[in-house]
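Undergrad: Next up is a structure, given as structure tokens.
Coordinate-derived values only; no laboratory data. Keep in mind it's a predicted model, so treat the numbers as computed, not measured. Here Cβ is always computed from backbone atoms with ideal geometry, including for glycine, and neighbour counts include all displayed protein chains.
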Amino acid sequence: MMPSYKNLLILDTGSTHNMSCNESFVYDIEEKPGGWHLSANTGSKRIEEKSKFPGIEEAAMHSTSFLTNILSFGRLRKLGWKIEYKYDEDKFIVTDPGESFTVEFHSNEDGLYAAKPGPKHLKFIEMKNKQKH
């Protein structure tokens, strides 16, 4: 049985888009006009919703049917995020362009680089969701 990754952020070098499945990690979840066409090894699917991760103005694909929350290494680099690898600690340190937000992704037992959103991240989401209502 595969472990649940819905409560983690995964830094993925193979993804071309950021993707979210956990509504407590993102804000501004809404319908995306026209949607996205998502293709993977297992097939393709139409994604109709978008969301935003803290510090990333570009919309992410959103679906509660996704297995995890993915931050695309390539997209973050194109958006100006600093990504540093610490070989001796086997972790990536990801910092936003303004250097006010940092996330550490540690290698897990499956070889994925994962992070749990910290209190600052979750508080930001809570504030954004309260502003919307």
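Undergrad: Find how many whole Å separate the alpha carbon centroid of region 79-111 from the alpha carbon centroid of region 1-48.
TA: 20
Undergrad: Can you tell me which of 102-108, 75-81 comes out highest on packing, and rank the rest after it, using the mean Cβ neighbours within 10 Å?
TA: 102-108, 75-81
Undergrad: Please compare each pair in LYS6/LYS120; LYS45/LYS130; LYS6/LYS86; LYS52/LYS130 to a cut-off of 21 Å on the Cα-Cα distance and tell me which ones are over it.
TA: Working: LYS6/LYS120 19 Å; LYS45/LYS130 31 Å; LYS6/LYS86 25 Å; LYS52/LYS130 15 Å.
Check vs 21 Å cut-off fails for LYS45/LYS130; LYS6/LYS86.
Undergrad: What per residue convex hull volume, in Å³, do the alpha-carbon atoms of the chain yield?
TA: Working: hull volume 16.2 nm³, N = 133.
Per residue, the Cα convex hull of the chain comes to 122 Å³.
Undergrad: Still on this structure: Arrange the peptides 88-99, 15-26, 33-44 so that the one whose residues have, on average, the most other Cβ atoms within 10 Å appears first. Intermediate values should be presented prior to the final figure.
TA: Numbers: 88-99: 13.5, 15-26: 19.6, 33-44: 9.7.
Packing order, densest peptide first, comes out as 15-26, 88-99, 33-44.
Undergrad: OK, next. Size of the dipole of the chain about the Cα centre, Lys and Arg at +1 and Asp and Glu at -1 on the beta carbon, nothing else charged, in debye to 20? Provide the component values of the computation, followed by the final result.
TA: Values: 18 positive and 19 negative charges, 70 e Å.
With Lys and Arg at +1 and Asp and Glu at -1, about 340 debye.
Undergrad: Note the full-extension length gain between THR13 and LYS116 as 0.36 nm times their separation in residues minus their Cα-Cα distance, in nm to one decimal.
TA: Values: separation 103, 0.36 × 103 = 37.08 nm, distance 1.81 nm.
Difference between extended and current length: 35.3 nm.
Undergrad: Right, here's the next one. 7 Å from Cα along Cα→Cβ at both PHE124 and GLU84: what's the point-to-point distance in nm?
TA: 1.8
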